[in-house]
Every structure is written in structure tokens, then in C-alpha cells.
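**Q** Just dropping this structure here.
The values are calculated or read from the model by the stated rules, or taken from the named source; none is laboratory data. No experiment lies behind these values; they were computed from the predicted model shown. Here the Cβ is made from the backbone with ideal geometry for all residues, glycine too, and neighbour counts use every protein chain on show. The protein model used for the area step is the full one, side chains on, heavy atoms only, and it has no ligands, DNA or RNA in it. Shrake-Rupley method; radii C 1.70, N 1.55, O 1.52, S 1.80 Å.
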Amino acid sequence: MSEKQDKTKQMESAFDASTEESLYKLWEESGFFTPENVEKYLKENGNEIKKPFTITLPPPNANGQLHLGHTCGYSFQDAMGRFNRMMGHPTLLLPGKDHASIQTEAVFSRILEEQGENKWDLGRDEFYKRCYEFCMSAAKNAQEQEKRIGLSADWSRDFFTLDPRLNEIINETFFEMFKDGLIYRGKYIINQCPHCRTALADIDTERKEMPGIFAYIVYPFTDEKDNDLAEKKLGQRGIMIATTRPETMLADTAVAVNPDDDRYKEFVGKKVMLPVANREIPIIADEAVDIENGTGALKVTPAHSPIDFDIGLTHNLDVINVIDENGHMTGEIPERFKGMETIECSKALVKELEEMGLLNKIERIKHEVTVCERCQTPIEPIVSYQWFVDVKPLAEKALEAIRTGKTIVIPDGQQSALIHFFENIKPWCISRQLWWGQRIPVWYSGGKKLYDWLQDNPESTIEDWEEETGDKAKGSGKIIASLDKPENDPEWKGSSMDLWLEEESDIFDTWFSSGQWPFSTLGGREGEDFKKYYPTQVMETARDILFWWVARMMMLGIYKTGETPFARVFLHGLILAADGSKMSKSRNNGVAPAEVFKKYGADALRLWYFTDSLPGSNTLLQEEKIKGNRFFINKIWNASRFILLNLEESEIPALRSRLEAIDNGWKNGDLSASEILMKTKEHTEKIIEYMDQLRFHLAAESIREFFWKYFCDICIEDTKNEIKGKEIGSDERIESLAILLYVLKQNLKIMHPLIPYITEAVWQELTKAGLAEGFIMVQQIG
RNA sequence: GGGCGAUUAGCUCAGCUGGCUAGAGCAUCUCGUUUACACCGAGAGGGUCGUAGGUUCGAGUCCUUCAUCGCCCACCA
């Protein structure tokens, strides 16, 4: 009697989710998150060692809190890891954090501003140092959450993407690609934020509706005969264009019309005189021009409009830059406009055109403009030199990997999308004019300005440059790409005292480094870990970074190692708010994982992910469902509790030997004596199959169904009276209890990958009672 | 404009290679139980699987049309 009371005291009638944290500590202390320790354990226990199972876990951005999307990914990754560990594979889940250059720089800059500081005052080095500290602290917080969801990652191999060990490998890749001619420096149009004084990737911009103007301006032909013809055909002496940005006309280098536009056909090839600037520019034909839009004649400004830039490339037009990084007018323009802000210049130009009689009309319109995501300032497209990767040959190899099944994407609709992406891939701009990130390992002999001038003037020599600038060259004007800071430039003929090697100030696009994550974290091609754990088995990540990240990892992985970095790509959907909207700070509809852990426990949350977050589809947060899972977790606890409370201490030796006998039968396939055991075996095999196929929702549904509806409602209920009615220690009791115990243990094992906490908690209770050993996390299934 | 996907019970969604008398969770209703668990048990109601065609002995499942919705990419002079 007293014994029973003690047990009841030990096992409360509801599983307390707050004990999850102490269970995690037990695992950490066990050392089994490290694959070598598991391998050793398996060997010592006479188990067969299978080949390693590896996931290099997607590193979340180290600049904020984790959200339910992160914990979703981790749940799947951990389930795969735990399952494979229990199937005899030394398992490495390698964790880390991403420096997320542009996003973090924006977030941290905002924090600085709130404190009344800014990055320019701090300077590059101090900014970097402070930002590093900020990331380390954010990363630490994030790691707490990662542990809380139960992630069985090897923390001894934790990496930050700006770790010097990784930087070295990233630089090496750059260097090799540079030597292979896959990397080049080219002129390209970028989004410049005049406020933040930085280039922005497309992804860092938004569209916003703003009021604006639509100015109709006439460009007269240089030849009066053409003007006569135009007057007759078009109603004015010249060709009329329509623009929202008159100030950019100073940088026009052509007027384009659609080749099928009958109004303008005979003017193609003629020349017009660009008003105010007084430059002759040609009329060209390009299919990109929309006949319906405006007047059907498009002023082409390659330096300040993305579409015009492309047209310029096709037609080999000059690129004239008239706007600087701060949004002021500059370059070869009439003196009176220099230094003006673009709006100011626009007004001044409109006035002059009106006086010249070349302004037809101005419409007031509302239109969408591209703005900086961070400060909402309209961006200025400007042209500058950037670093590019010629990804076409890399994409072809990645395509081959998909076509030959070396990498498969789940769901397969996303695989089609990825194929389409690879087939239509464009050069990848990998440089950013930011501070937070890894500097591109390149030095300019004689300075960057000299190099770029020589690029702009391919016919010219260093001497020409010296003449034009009046400066003495301090280098060969060549690029030196090198793993370390170079001492010298072999091509420099001058004195070494005069040599100036200017380091590239641009940093790498974040994806260039995170794209190497699967092998950089394993020590690169020469690393011990690489030899053992590469290529990895699975890449599990969110669907929305398929092109940004997964595609890059495949290309860079194949380039660097000759092998595709992962056999399977598993994409989980986005976690959305209950009404289907995105969770965001501005909507204030986000739910923090910590809240959910507290209310329902990590297991309940995990089970919800497995059941509801299917690959390729979005998932709406439904607390009711998580709550339902909590009931199931508690059911497991109570079923276990029932069995433990109903056996007597004196029966344990007999139970142990009976359990061992059943286990032998299980292994030999001799289970004919018990329908329950046979069904459990079938069930186990089914779950193994589901887990192998990454069909988590079926596995989750199945374990619930089997445990609750079969094991609890039928098996336990049916034997209840038998157990209670028979004499303590009798064969009937021992047999019934042993079967229940065996089936319970087997169920705990197959459920463990999905719901690790409750299963380990019960396992530890069994261990205390002398009916189990060690940790469930390294027990072998089957 | 290009690409990918979705449309099945009140809600959120399963249903792999065609065999379903169409399932689950939650919600609803009825009854029961308070010495494993009310975070329980037994049971019930609820769907012509978006539309129109086609292939087939057989279609929620394959093909085509249309409609509606979502996501990604490009672009908007």
C-alpha cells in the first residue's frame, strides 16, 4: 500500500511539460549528440554500424528571435536525425548561425540609430566588432530555443558563417573560381539607397504606390526632313516620349520603339537631338518596348533604369551615369544641374523644356516605385562595377544531378520549379557594398579606380590614365585574387616602394558563403569530417529559399567537391497565422515558440508540425490542434503510469526475464503466440517505412491511432481485469504485464523521433523501475 | 508576362503508383465513467471530393476545358 502511494507521488497524473528541459540536459550530458559517441556505444553493444547520417542544419539568421517556422524546420530535422540514430546510423546534425549580411546590417543599423549612433561614425572596424557581439548574443538566445524544441544537434560542431575557419574555405572557393574564369568583374545596374548609402539586392526592396508625374517630351530629329515627316505622321516635329523621371533624360543614349509599331517604323535608325543635353541619340527598335504604354516611344537610360540597361546591352549603347550614390546629379551634365537632388532637377528640366516648347503635357499619376525596405526611400538605379559568377556551367551540372536522381526534391512540384530556375539562370552578382560580411579576397594593384578606369577604357593604357588624372600609377592596374594579402605584384615594373595594393571593400553576398555550408562546416575538401560525413543525406529547409539557397548549395557543392551535397531536399511550408496571413511584427500576430512550449510542451508542438505541415503547403496555426496533441502526450504518460502502478516490485525479476524472452522471439520473428505483438511488429515496420520516405504526417497519424485506439482502448482495457483479478506473481499476471510492457517500450521507441520528451520521460521511469536501460535516444528500433 | 501549386465534412487538412461503402484532428450532439487519464470512454450527425467533358470494367485519384484562390520570379517608361 505504501509502495503504491510512493509511486503515485513520483508519477503525477499529468505529464508536466516543464520537465522537458531537464530531460534535454540529460541528453546533452550523455554525449550522444556527437556521432562518434553513438558509434562507440553501438559497437560496445554489439550493434551493426551503418553509414553516417548527416544534415548540415540550415543556419538561421543571427539577428533576432526564432519563430515558429524555425522550430518547424528543426522538428523535422531532429525527427530524421533521431530516427536514423535509432536505426544504427552514427548521426550528425550540424548546427550554426548565419551572419545574414544585409539583413543583419539593416537590423543592427536600426539599433544603432535608436541609440543615437550610426555606422559611419563608428567606422568599418568598430561597426564590425559591435555587430559581431550583437550576433553572438542573438545566437545564444536562438540556441536556447533550438534546444527547447529538442534538437539533438552536435553543439561541439556549432558554426557561425563568419567563423575564420569557414572564411578560409569560402575564399579558397572564390580563388579557384576566379582562376577558372567563372568569376568576373562587370558593370551592372544596382539598386542604390541614397539614404543608407548602399547597394541593395532586389530582395531588399519593396514596391510602394506613390504620387508622381508623367511628362510628355518631344525630342526633335536632327534632320529637318525627318521633322517634316514626323509632323505629318505624328503631329509634332520630333518623336515624343513619356517619362516619370525627366531628370534621367540627361543620361539618355537612345529612344526605343517596338519593331512592330507602325507609327515609328520608318524612323528607326534616324537620329534625334536630346534637348538640354544637346547630344545626338539614335532611334532603335526593341521588342521589350510596350506599344500601348505612354507614347510607345521609350527614352533609354541604361544607367538609371533596369529595363533600359538590358536594352543598352542588346544594342551596345553607352552608359552615362548622372546620379551619384547620394541621389545627387553628377557627371557630364550642364553645370547648372550639378549637385541638385533628382526631384529638384526634374522640376528645373521641365521648366526649361516648357520654355523651349518641347513639353507637350504633364499628367499627375499614381504609380508603384521601388523603395528601400528599411527606410522607404525610393531607390536610385545606378550602374556600377560588381562581382559576378557565371553560373551557367554550374547550373548544368546541378541539372544533371537532378535528372539522374542524385538529388531529389520533395515535393516534386518544387523540383520542377528548381529545374526551371536552373534552365533560365542569370549571372549571379555576389558583391555587396556593405560592411557586415566577408570581404572579397581581391587586391587592386594601383587601386580600384585605376582598374575600373582601364575597364571603362579598354583601348587605353596606364600612361593614358596618368595623363588624364595627373596622378602617378602605383601598380599594374591588374587584379590580384589571393587567399592572403599579397606582398607584391609580379607584373608591377615600378619600385616596390610605389606599389599600392588596395583591398576590395565589397563583401560577399550572404548566399555565397551559406551556399557552401554543407562542405565548409565539414572542414572543406580536406577535412576529416568531410571524408566521413559528405555528401549529406538530407537538406530540410523552407520552401521560400529554394532558389536563393538550395540552388546555390548544389552549384557550389558540385563545383567544389564533384558531388551533389545532399541526396534529398525536403521543403516544409510556411507557418501562417490562423487567418492565413503571414506572421509579422507589423501585424503583431506572431506567436513566439516560447509561449507554445510553456502552454503545451515541445512534443505537442512537434506533433502538430508533423501532422499538419506537409511539404509544399502552408500551414495555418491552430492552437486547438496543438492542444489536442497535448492530450495525446498525456495519454502516453497515463498509459505508462497505469502499467507501472499495477506491477509489484516483487514481480520485476520475473518480468525482466519474460521481457528478454519476448525480445528474442521478436528478433527471430517468432511472435505467433501473441496477436498484440504481431500487430506491433507490423506497425513498427509501417512506421519505419513512413520515416524512410519522409512521410511524417502518415507516421504521426499512425502512432497516434495505434497507441491510443489500439494499445490503450483495446489492449489495456481488455487486460485490465485480468491484471487486477489475478494473484500477484502469477504466470497470467506476469504474461499480461510483460506483453503490455514490451509493447509499450516498442511504441516508445518508434514514437521517440517524433515526440522525444515524453518517450524519454517514460523510459527513464522504466529505467528507475529496473525495466529498461540507458537512454531511449540510442535504443535501436526493430 | 513566366513558373509552381491548390479547390474533399462547420474549420484545418490527409487520401502514395486509379478499386472508397471517401478518412483524421478540432468543433457539434447523445450517453457513460470519477481508484491510468474529464488532458477520459462509447456512439451519432455531417461531404453528389470546384465546373464541364474525356480515358477506363471502375476516377477524389489520370487527361483536357473553364472558374476561383495562393505562392515564387520578372516587370510596370
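**Q** Out of segment A:646-679, which residues are of a type outside the set (Gly, Ala, Ser) and in a loop (DSSP other than H, G, I, E, B)?
**A** A:646, A:647, A:648, A:670, A:671 - these are the residues of segment A:646-679 that are of a type outside the set (Gly, Ala, Ser) and in a loop (DSSP other than H, G, I, E, B).
**Q** How many residues are assigned to a loop (DSSP other than H, G, I, E, B) and more than 24 Å from residue A:81 (Cβ to Cβ) if we restrict to segment A:94-108?
**A** Start the filter on segment A:94-108 by keeping residues that are assigned to a loop (DSSP other than H, G, I, E, B), which leaves A:95, A:99-100.
Subsequent filtering for residues that are more than 24 Å from residue A:81 (Cβ to Cβ) retains A:99-100.
Qualifying residue count, segment A:94-108: 2.
**Q** Of (1) more than 28 Å from residue A:100 (Cβ to Cβ); (2) buried (at least 21 other Cβ atoms within 10 Å of the Cβ); (3) modelled with pLDDT of 90 or more; (4) out of contact with any His (no Cβ under 7 Å at 6 or more places or on another chain), residue A:248 satisfies all except one. Which?
**A** It fails just one condition, (4).
**Q** Output the qualifying pairs, or none if there are none: Cβ atoms under 8 angstrom, residues six or more apart or on different chains, first residue in segment A:238-264 and aromatic (Phe, Trp, Tyr), second residue buried (at least 23 other Cβ atoms within 10 Å of the Cβ).
**A** Going by the 8 Å Cβ cut-off, the qualifying pairs are A:264/A:239; A:264/A:257; A:264/A:297.
**Q** Step by step: first the residues of segment A:572-587, then only those that are within 23 Å of residue A:149 (Cα to Cα) and either open to solvent by 40 Å² or more (accessible area, probe 1.4 Å) or not in a loop (DSSP other than H, G, I, E, B) (or both), then the one that is farthest from RNA strand B (Cβ to nearest atom). Which residue is that? Full working, then the answer.
**A** Initial filter on segment A:572-587 (within 23 Å of residue A:149 (Cα to Cα)): A:572-578, A:582-585.
Going one step further and asking which of them are either open to solvent by 40 Å² or more (accessible area, probe 1.4 Å) or not in a loop (DSSP other than H, G, I, E, B) (or both), we end up with A:572, A:574-576, A:578, A:582-583, A:585.
Numbers: A:572: 12, A:574: 8, A:575: 11, A:576: 8, A:578: 8, A:582: 8, A:583: 13, A:585: 17 Å.
Restricting to residues being within 23 Å of residue A:149 (Cα to Cα) and either open to solvent by 40 Å² or more (accessible area, probe 1.4 Å) or not in a loop (DSSP other than H, G, I, E, B) (or both), the top hit is A:585.
**Q** Same structure, new question: So which residues in segment A:317-342 are assigned to a helix (DSSP H, G or I) and farther than 17 Å from residue A:276 by Cβ?
**A** Answer for segment A:317-342, where residues must be assigned to a helix (DSSP H, G or I) and farther than 17 Å from residue A:276 by Cβ: there is none.
**Q** Still on this model: On the given criteria, is residue A:360 open to solvent by 60 Å² or more (accessible area, probe 1.4 Å) and assigned to a loop (DSSP other than H, G, I, E, B)?
**A** No, not satisfied.
**Q** Still on this structure, please answer the following. Scanning for something more than 11 Å from RNA strand B (Cβ to nearest atom) and part of a loop (DSSP other than H, G, I, E, B), does segment A:598-610 turn up at least one residue?
**A** No, segment A:598-610 contains no residue that is more than 11 Å from RNA strand B (Cβ to nearest atom) and part of a loop (DSSP other than H, G, I, E, B).
**Q** Next up: So which pairs qualify, if the first residue must be in segment A:402-423 and more than 15 Å from residue A:570 (Cβ to Cβ), the second must be within 10 Å of RNA strand B (Cβ to nearest atom) and open to solvent by 50 Å² or more (accessible area, probe 1.4 Å), the Cβ gap must be under 6 Å, and the two must be at least 6 apart or on different chains?
**A** From residues that are more than 15 Å from residue A:570 (Cβ to Cβ), the pairs are A:421/A:547.
**Q** Test each condition in (1) in a helix (DSSP H, G or I); (2) touching an Asp or Glu at 6+ places or on another chain (Cβ under 7 Å) for residue A:728 and report the one that comes out false.
**A** (1)
**Q** Return the residues of segment A:737-759 that are within 14 Å of RNA strand B (Cβ to nearest atom) and over 30 Å from residue A:611 (Cα atoms); say none if nothing qualifies.
**A** Answer for segment A:737-759, where residues must be within 14 Å of RNA strand B (Cβ to nearest atom) and over 30 Å from residue A:611 (Cα atoms): just A:737.
**Q** Out of A:691, A:678, which single residue is hydrophobic (A, V, I, L, M, F, W, C) and within 14 Å of RNA strand B (Cβ to nearest atom)? Walk me through it before giving the result.
**A** Working: A:678 fails: within 14 Å of RNA strand B (Cβ to nearest atom).
Among A:691, A:678, only A:691 is hydrophobic (A, V, I, L, M, F, W, C) and within 14 Å of RNA strand B (Cβ to nearest atom).
**Q** Among the listed residues A:322, A:300, which satisfies the condition of being crowded, with 19+ Cβ neighbours inside 10 Å, without any contact (Cβ under 8 Å) to a residue 60 or more places away in the chain and either within 12 Å of RNA strand B (Cβ to nearest atom) or within 25 Å of residue A:187 (Cβ to Cβ) (or both)?
**A** Details: A:322 fails: without any contact (Cβ under 8 Å) to a residue 60 or more places away in the chain.
The unique qualifying residue is A:300.
**Q** Go through segment A:543-571 and give me each residue that's within 15 Å of RNA strand B (Cβ to nearest atom), over 16 Å from residue A:412 (Cβ atoms) and open to solvent by 10 Å² or more (accessible area, probe 1.4 Å).
**A** Within segment A:543-571, A:544, A:545, A:547, A:548, A:552 qualify.
**Q** Further question on the same structure: Take the conditions in a strand (DSSP E or B) and in contact with a strand residue (DSSP E or B) (Cβ under 8 Å, 6 or more places away or on another chain) and apply them to residue A:546. Does it pass?
**A** No; evaluated as a whole, the condition is false for this residue.
**Q** Could you check, for segment A:229-245, whether at least one of its residues is closer than 19 Å to residue A:346 by Cβ, of a type in the set (D, E, K, R), within 13 Å of RNA strand B (Cβ to nearest atom) and assigned to a loop (DSSP other than H, G, I, E, B)? Give the derivation first.
**A** As a first pass, look at segment A:229-245 and keep what is closer than 19 Å to residue A:346 by Cβ: A:240-245.
Within this subset, residues satisfying the condition of being of a type in the set (D, E, K, R) are A:245.
Remaining after also requiring within 13 Å of RNA strand B (Cβ to nearest atom): A:245.
Add one more test, that the residue is assigned to a loop (DSSP other than H, G, I, E, B), and what stays is A:245.
Taking every residue of segment A:229-245 in turn, at least one turns out to be closer than 19 Å to residue A:346 by Cβ, of a type in the set (D, E, K, R), within 13 Å of RNA strand B (Cβ to nearest atom) and assigned to a loop (DSSP other than H, G, I, E, B).
**Q** Within segment A:256-271, take every residue that is over 19 Å from residue A:224 (Cα atoms) and in a loop (DSSP other than H, G, I, E, B) and give me the one that is nearest to RNA strand B (Cβ to nearest atom).
**A** Filtering segment A:256-271 for residues that are over 19 Å from residue A:224 (Cα atoms) and in a loop (DSSP other than H, G, I, E, B), the one nearest to RNA strand B (Cβ to nearest atom) comes out as A:258.
**Q** Which pairs have Cβ atoms under 9 Å, sit 6 or more apart or on different chains, and link a residue in segment A:217-235 that is free of Cβ contacts under 8 Å to residues at least 60 places away in the same chain and more than 19 Å from residue A:360 (Cβ to Cβ) to one that is open to solvent by 60 Å² or more (accessible area, probe 1.4 Å) and not in a strand (DSSP E or B)?
**A** Listed by first residue and then by second, the contacts come to A:222/A:270; A:223/A:270; A:224/A:237.
**Q** Please specify each residue of segment A:424-451 satisfying the condition of being within 16 Å of RNA strand B (Cβ to nearest atom) and either over 21 Å from the mean Cα position of the chain (by Cα) or not charged (D, E, K, R) (or both). Give the derivation first.
**A** Step one: filter segment A:424-451 for residues within 16 Å of RNA strand B (Cβ to nearest atom), giving A:424-430, A:432.
Within segment A:424-451, A:424, A:425, A:427, A:428, A:429, A:430 meet the criteria.
**Q** Then there is this: Of all residues in segment A:770-781, count the ones that are open to solvent by less than 30 Å² (accessible area, probe 1.4 Å) and either out of contact with any Asp or Glu (no Cβ under 8 Å at 6 or more places or on another chain) or modelled with pLDDT under 95 (or both). Let's see the steps before the verdict.
**A** First pass over segment A:770-781, keeping only residues open to solvent by less than 30 Å² (accessible area, probe 1.4 Å): A:770-772, A:776-778, A:781.
Keeping just the survivors that are either out of contact with any Asp or Glu (no Cβ under 8 Å at 6 or more places or on another chain) or modelled with pLDDT under 95 (or both) gives A:770-772, A:778, A:781.
Count: 5.
**Q** Give the number of residues within segment A:611-636 that are more than 8 Å from RNA strand B (Cβ to nearest atom) and either modelled with pLDDT of 90 or more or part of a loop (DSSP other than H, G, I, E, B) (or both). Break it down stepwise before answering.
**A** At the first step, the residues of segment A:611-636 found to be more than 8 Å from RNA strand B (Cβ to nearest atom) are A:613, A:615, A:621, A:623, A:626, A:636.
Pick out the ones that are also either modelled with pLDDT of 90 or more or part of a loop (DSSP other than H, G, I, E, B) (or both) and you get A:613, A:615, A:621, A:626, A:636.
Matching residues across segment A:611-636 total 5.
**Q** Scan segment A:272-316 for residues that are among the hydrophobic types (A, V, I, L, M, F, W, C), at pLDDT below 90, under 37 Å from the mean Cα position of the chain (by Cα) and part of a loop (DSSP other than H, G, I, E, B) and jot them down.
**A** A:288, A:289
**Q** Hey, among A:13, A:101, A:30, which residue is farther than 19 Å from residue A:538 by Cα, crowded, with 24+ Cβ neighbours inside 10 Å and touching a residue at least 24 places away in the same chain (Cβ under 8 Å)?
**A** A:101
**Q** Check A:638, A:629, A:618, A:646 and return the single one that is in contact with a helix residue (DSSP H, G or I) (Cβ under 7 Å, 6 or more places away or on another chain), open to solvent by 20 Å² or more (accessible area, probe 1.4 Å) and of a type outside the set (Gly, Ala, Ser). Steps first, please.
**A** Values: A:638 fails: in contact with a helix residue (DSSP H, G or I) (Cβ under 7 Å, 6 or more places away or on another chain); A:629 fails: open to solvent by 20 Å² or more (accessible area, probe 1.4 Å); A:618 fails: in contact with a helix residue (DSSP H, G or I) (Cβ under 7 Å, 6 or more places away or on another chain).
After ruling out the rest, the residue left standing is A:646.
**Q** Within segment A:649-661, which residues are open to solvent by 10 Å² or more (accessible area, probe 1.4 Å) and either within 16 Å of RNA strand B (Cβ to nearest atom) or in contact (Cβ under 8 Å) with a residue 40 or more places away in the chain (or both)?
**A** A:649, A:650, A:652, A:654, A:656, A:658, A:659, listed by residue number.
**Q** Still on this structure, please answer the following. Mind listing just one residue for me: the one in segment A:190-209 that is of a type in the set (Val, Ile, Thr) and part of a strand (DSSP E or B) and, of those, nearest to RNA strand B (Cβ to nearest atom)?
**A** Of segment A:190-209, the ones of a type in the set (Val, Ile, Thr) are A:190, A:198, A:203, A:205.
Next, only the ones that are part of a strand (DSSP E or B) stay: A:190, A:198, A:205.
Working: A:190: 11, A:198: 18, A:205: 9 Å.
Only one residue fits best here, namely A:205.
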